[in-house]
Amino acid sequence: MAKSSSNKKNAAAAEGKPHAPRIENRRAHFDYAVLEKVEAGISLVGSEVKSVRQGKVQLAGAFAIIRNGRVFLMGCHIDTYEQANQFNHDPTRQRQLLLHKREIRRLQQELAKQPGCTLIPLDLFFKRGYAKISLALAKGKAKYDKRQAIKKRDAQRDMQRAVRRR
């Protein structure tokens, strides 16, 4: 009896070979307090999709802006795809994010209502073959808040070590 394609997918996932990586912005939770999350599609060209599937993306320092009723991702660096030759993309171009009008309007109202807030990308991933980005409405942390986060993380790590020793 032959295996179905869904069994092949499950077998590939069980072997630890994901189809595409999940690229995370590790600095986001350290530098910002996340207030709200929203998932958006991202408009990419072919060579960008290939690079993202290889995991050649840098989200650190990236942010999103709302301009003329559209949301754009700025400062995201997607490396050029080596096999694309002359049809390659600009690594730092602004990319349009795909959201419904009501979501854009709500985000715009939240940004206007809360000064000091910004839209930052948390991670980039594929969902049913489409590139998606998880955006966060976030407020920058002060130096004091960052120190508190470090202390809390170190205390948590020490507790885990103590539990493992026993």
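The values are calculated or read from the model by the stated rules, or taken from the named source; none is laboratory data. Remember, predicted model here, so these are calculated numbers, not experimental data. Every residue, glycine as well, gets a Cβ built from its backbone with ideal geometry; the counts of neighbours run over all protein chains shown.
A quick yes/no check of all residues on (1) over 15 Å from the mean Cα position of the chain (by Cα); (2) within 30 Å of Ile150 (Cβ to Cβ); (3) among the aliphatic types (A, V, I, L, M):
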residue: Phe30; (1), (2), (3): no, yes, no
residue: Leu35; (1), (2), (3): yes, yes, yes
residue: Gly41; (1), (2), (3): no, no, no
residue: Gly46; (1), (2), (3): yes, no, no
residue: Lys50; (1), (2), (3): yes, no, no
residue: Gly55; (1), (2), (3): no, yes, no
residue: Phe72; (1), (2), (3): no, no, no
residue: Gly75; (1), (2), (3): no, yes, no
residue: Glu110; (1), (2), (3): yes, yes, no
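Go over the candidates Arg106, Arg102, Arg27 one by one and state the one that is surrounded by 11 or more Cβ atoms within 10 Å (Cβ to Cβ), over 15 Å from Phe125 (Cβ atoms) and modelled with pLDDT of 85 or more. Lay out the reasoning, then the answer.
Details: Arg102 fails: surrounded by 11 or more Cβ atoms within 10 Å (Cβ to Cβ); Arg27 fails: modelled with pLDDT of 85 or more.
After ruling out the rest, the residue left standing is Arg106.
Looking at region 108-149 only, could you name the residues that are in a strand (DSSP E or B), touching an Asp or Glu at 6+ places or on another chain (Cβ under 7 Å) and among the charged types (D, E, K, R)?
Asp123, Lys132
Go through region 71-86 residue by residue and tally those that are in a loop (DSSP other than H, G, I, E, B), in contact (Cβ under 8 Å) with a residue 24 or more places away in the chain and within 28 Å of His100 (Cα to Cα). Full working, then the answer.
From region 71-86, those in a loop (DSSP other than H, G, I, E, B) are 75-76, 79-81; that's our starting set.
Okay, now just the ones that are also in contact (Cβ under 8 Å) with a residue 24 or more places away in the chain, so 76, 79-81.
Those still in the list that are within 28 Å of His100 (Cα to Cα) too: 76.
Selection size over region 71-86: 1.
Determine, yes or no, whether His77 is more than 21 Å from Leu35 (Cα to Cα), at pLDDT below 85 and surrounded by 13 or more Cβ atoms within 10 Å (Cβ to Cβ).
Taking the combined requirement at face value, the residue does not satisfy it.
Among the candidates Gln160, Gln148, Gln96, single out the residue that is of a type outside the set (Val, Ile, Thr), surrounded by 11 or more Cβ atoms within 10 Å (Cβ to Cβ) and over 17 Å from Ala33 (Cβ atoms).
Just one listed residue meets the conditions, Gln96.
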